[in-house]
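Engineer: After the structure tokens below, expect a handful of questions from me.
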Amino acid sequence: MRRTAIAVAAAILLVAVAASPASAGHGNKANAGPPDNAQQDVQSNSLTTGGKAAVAQGRAQLDRTDITTSVGGSDIHVYDASYTSSWYGQTSCTDRNWLNGKCDHLDVKFNTRTMGSKSTGYWQSLGCHELGHTGGLGHRSHSSDSNDNSCMREEIWPKYFDTHDIDAVNQYV
Amino acid sequence: MGATAAVLAAVGGWLLWPEDLPTQWPDKASFCANASAFEVTRQDQISGEQRLAAARAMEKASPQALRDEMHVLVDDLVPESEPHSHVSAEEFQEITVKVGEFVERACGVNLPSIRT
Ligand SMILES: [Zn+2]
Ligand SMILES: [Zn+2]
């Protein structure tokens with residue numbers, strides 16, 4: 001009897017742990033801060049095929065806004081590796097202006113440990129999401145994205161900015 | 001070793017202190033209190049309006065020798081719809097570093113991307 005209870009509890013715990021990466025969304029750093037200007041260089045550091053697809057999609061989405069992206073090392077640095085964490089990707093500001101909070105240098109990381117088995121569409125969604133953070137975007141929820149078409153959602157995997165995302169980026173730059 | 005490093009750091013800090021900037025002035029308490037709004041751990045919580053209000057209060061309370069620089073910083077935060085002027089990106093960067101280093105040294109406030 002006791003053993004059954006423990007077994008059931010263990011099973012519940014296992015489910016909860018197994019479920020957490022899926023519900024953990026795209027990672028925890030939504031606080032990158034807006035970019036410091038509308039011209040953003042993107043540097044890819046020996047990325048996997050998935051990482052390259054993510055960057056291409058993210059840049060294409062930023063290019064739909066007032067931001068223009070190009071290849072170069074001065075603004076956004078992108079890495080992918082197997083990070084011992086449950087997040088799929090994260091974006092952080094590595095050089096923030098103390099006065100206005102704008103970000104001069106950003107690091108984007110894609111986690112091949114959690115993304116490795118996923119198809120290209122998921123990587124494209126992740127790239128849209130993380131590069132969206134570099135544009136100053138925060139997360140969206142179903143209540144503000146009822147047609148479920150923003151890649152800034154955490155629990156689903158759209159591949160594009162919606163018009164609300166584009167307007168928000170254009171307000172920052 | 002540690003003591004030597006501390007002495008060297010103190011001497012370095014003293015040598016780097018801009019000649020025209022004071023270590024004490026009448027409104028220092030107000031200047032530093034408002035500067036603390038920009039502390040590194042508070043950057044995610046402050047809004048654009050709060051940044052502008054704190055910078056304006058800093059400008060009022062700043063040492064005379066730093067007034068022009070503070071005015072440039074306030075203008076960076078003023079909404080585009082209000083009158084303000086712009087300096088070049090390079091000059092803006094220089095001024096945020098100069099004021100930022102002064103804030104860190106005079107007030108002991110830790111600002112992002114400023115090393116003193
Ligand atoms: Zn996110
Ligand atoms: Zn302006």
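The values are calculated or read from the model by the stated rules, or taken from the named source; none is laboratory data. What you are looking at is a predicted structure, and each value in this text was computed from that prediction instead of being measured. A quick note on method: Cβ atoms are made from the backbone with ideal geometry, for glycine too, and the neighbour counts reach across all protein chains shown. Protein only, heavy atoms only, side chains kept; ligands, DNA and RNA dropped before computing areas. Shrake-Rupley method; radii C 1.70, N 1.55, O 1.52, S 1.80 Å.
Engineer: How big is the A/B interface in buried accessible area, both sides summed, 1.4 Å probe, to the nearest 100 Å²?
Structural biologist: On the way: alone 8780 and 7400 Å², together 15070 Å².
Using a 1.4 Å probe on protein heavy atoms, the buried area is about 1100 Å².
Engineer: Under a Cβ-Cβ cut-off of 11 Å, what is the net charge of the residues other than residue A:43 that fall near it, where Lys and Arg count +1 and Asp and Glu count -1? Let's see the in-between values first.
Structural biologist: Values: positive: none; negative: A:41, A:75, A:107.
Taking every other residue near residue A:43 into account, the sum is -3.
Engineer: Carbon and sulfur: what percent of segment A:50-104's accessible surface (1.4 Å probe)? Spell out each step's value before the answer.
Structural biologist: Details: 950 of 2010 Å².
Carbon-and-sulfur percentage of accessible area, whole number: 47.
Engineer: Straight-line reach from residue A:159: which lysines have a Cα under 29 Å away, not including same-chain ones fewer than 8 places off?
Structural biologist: Here the lysines satisfying the reach criterion relative to residue A:159 are A:29, A:52, A:102, A:109, A:118.
Engineer: Something else now. All other residues with a Cβ under 12 Å from the Cβ of residue A:171 taken together, and with Lys, Arg as +1 and Asp, Glu as -1, what is their net charge? Mind showing how you got there, number by number?
Structural biologist: Numbers: positive: none; negative: A:66, A:165, A:167, B:80.
Charge balance near residue A:171 sits at -4.
Engineer: About the Cα centre of segment A:39-172, what is the dipole size in debye to 20, counting +1 per Lys and Arg Cβ and -1 per Asp and Glu Cβ, all else neutral?
Structural biologist: 360
Engineer: In units of 2.2 N^0.38 Å, what is the alpha-carbon radius of gyration of segment B:58-103? Before the final figure, lay out each step's value.
Structural biologist: Details: Rg = 10.6 Å, N = 46, 2.2 N^0.38 = 9.4 Å.
With N residues counted in segment B:58-103, Rg over 2.2 N^0.38 Å equals 1.12.
Engineer: Sticking with this structure for a sec: Which percent of the accessible area of segment A:116-173 is formed by carbon and sulfur heavy atoms (probe 1.4 angstrom)? The partial results should precede the final answer.
Structural biologist: Working: 1140 of 2550 Å².
About 45 percent, which is the carbon plus sulfur part of the accessible surface.
Engineer: Follow-up question, since we're still on this one. Which whole-Hz couplings ³J(HN,Hα) result when phi for each residue of segment A:84-90 is put into the Karplus expression 6.51 cos²θ - 1.76 cosθ + 1.60, θ = phi - 60°, listed in order with x for Gly and Pro?
Structural biologist: The phi angles translate into 7, 8, 8, 6, 8, x, 8 Hz.
Engineer: For segment A:78-148, state what percent of all Cα-Cα pairs lands in each successive 5 Å bin, counting from 0 Å until the bin that includes the largest distance.
Structural biologist: Bins of 5 Å from zero give 4, 15, 22, 22, 18, 12, 7, 1, 0 percent of pairs.
Engineer: Here's something else I'd like to know. Over all pairs of distinct alpha carbons, what does the Kirkwood formula give as the hydrodynamic radius of segment A:39-172, in Å? Working shown, then result.
Structural biologist: On the way: mean 1/r = 0.0681 Å⁻¹.
For segment A:39-172, the Kirkwood estimate is 14.7 Å.
Engineer: Looking at segment B:35-62, which residues lose a minimum of 30 Å² of accessible area between their chain alone and all protein chains in place, measuring with a 1.4 Å probe and not counting ligands or nucleic acids?
Structural biologist: B:38, B:43, B:44, B:51
Engineer: Let me ask another. Only protein chains counted, 1.4 angstrom probe. Which residues of segment A:86-106 are at least 50 Å² less accessible in the assembly than when their chain is isolated?
Structural biologist: At a threshold of 50 Å² (probe 1.4 Å), the residues of segment A:86-106 that become less exposed are A:96, A:98, A:99, A:100.
Engineer: Okay, next question. Given a cut-off of under 8 Å on Cα pairs at least six residues apart, what relative contact order in percent is computed for segment A:39-172? Display every interim value, and only then the final one.
Structural biologist: Working: 265 pairs, mean separation 34.5, N = 134.
Answer for segment A:39-172 is 26 percent.
Engineer: Another question about this same structure. Sort the following peptides by mean Cβ neighbour count (other Cβ atoms within 10 Å, averaged over residues), highest first: A:109-121, A:128-140. Write out the running numbers ahead of the final one.
Structural biologist: On the way: A:109-121: 17.0, A:128-140: 25.3.
With the highest mean Cβ count within 10 Å placed first, the list reads A:128-140, A:109-121.
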